[in-house]
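In what follows, a structure is listed as structure tokens, so that the remarks can point back to it.
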Amino acid sequence: MANGFSVVPSAYVLLRRADEVLLQLRRGTGYRDGFWACGAAGHVERAESVLDAARREAAEELGITVAPEDLRPLTVMHRTGGDGRPVNERVDFFFECRRWSGQPRLVEPDKAAELRWAGLGALPDPVVPHELDVLRLLGTGAVAPLLTHGF
């Protein structure tokens, strides 16, 4: 279908320890630089499953290894930038991960200035808005299987 609707899929990995989540401070990306974001996230590449994308992003951004069975699906978010541009039509897959191999570290200092463990009840400011929606719900234990943002 030449004029069909398309979306950009992304995978997010929320590393958890107790009531904390690992966040990165974005910089040098051109998108929400200066905002806190999930420790690892990125686009699903062609011919890649969302699970493989989540594991790849965790390795690329945090230097850790995550087994597929340690990725617990948390929620899926359908979101829009509201401007009709295809790049701003998204489906985001959020995974919670409480077990991994290696020590999380800042692997891409050109894309992130800092890593920080933050309590879900004491998140830093600012956080990327759609990610903040998920983190706030996670803190209350009320994350729904499907969320929307921007509609």
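Nothing in this text is a laboratory measurement; each read-out follows from the coordinates by a stated rule. Because the structure is a prediction, the values reported are computed rather than measured. Methodologically, a virtual Cβ is constructed for each residue, glycine included, from the backbone with ideal geometry; neighbour enumeration extends over all protein chains shown.
What ranking do 36, 100 get, fewest neighbouring Cβ atoms within 10 angstrom at the top?
Numbers: 36 24, 100 19.
So the residues, fewest neighbours to most, are 100, 36.
Could the peptides 67-74, 28-35 be put in order, highest first, of the mean number of other beta-carbon atoms found within 10 Å of their residues? Don't jump to the answer; show the numbers that get you there.
On the way: 67-74: 14.5, 28-35: 12.0.
Ranking the peptides 67-74, 28-35 by packing returns 67-74, 28-35.
Label 7 Å along Cα→Cβ of residue 29; region 115-151 residues with amide nitrogen under 11 Å?
Within reach of a label on residue 29, which here means backbone N under 11 Å from a point 7 Å along Cα→Cβ, region 115-151 contributes 128-129, 131.
Rounded, prolate or oblate: pick one for region 20-111, where a ≥ b ≥ c are the square roots of the eigenvalues of its C-alpha gyration tensor, a/c under 1.5 means rounded, and failing that, prolate if a/b is larger than b/c, else oblate. Walk me through the intermediate numbers first.
Working: a/c = 1.81, a/b = 1.25, b/c = 1.44.
Judged from the Cα gyration tensor, region 20-111 comes out oblate (a/c at least 1.5, b/c at or above a/b).
With angles folded into 0 to 90 degrees, how steeply does helix 129-140 sit against the dominant principal axis of the chain? Use alpha carbons for both and round to 10.
Long axis of 129-140 versus the principal axis of the chain: about 50 degrees.
Around residue 147, which amide H atoms from residues at least 5 apart in sequence, or from another chain, sit under 5 Å from its own amide H, with H modelled in the peptide plane?
Here 76, 77, 78 satisfy the definition.
Roughly what angle does helix 50-62 make with the longest principal axis of the chain, taking Cα atoms, 0 to 90 degrees, to the nearest 10?
Helix 50-62 sits roughly 50 degrees off the main axis of the chain.
Normalising by the residue count of the chain, find the relative contact order in percent from Cα pairs under 8 Å and 6+ residues apart. Intermediate results must be reported in sequence, preceding the final value.
Numbers: 313 pairs, mean separation 47.4, N = 151.
Relative contact order here is 31 percent.
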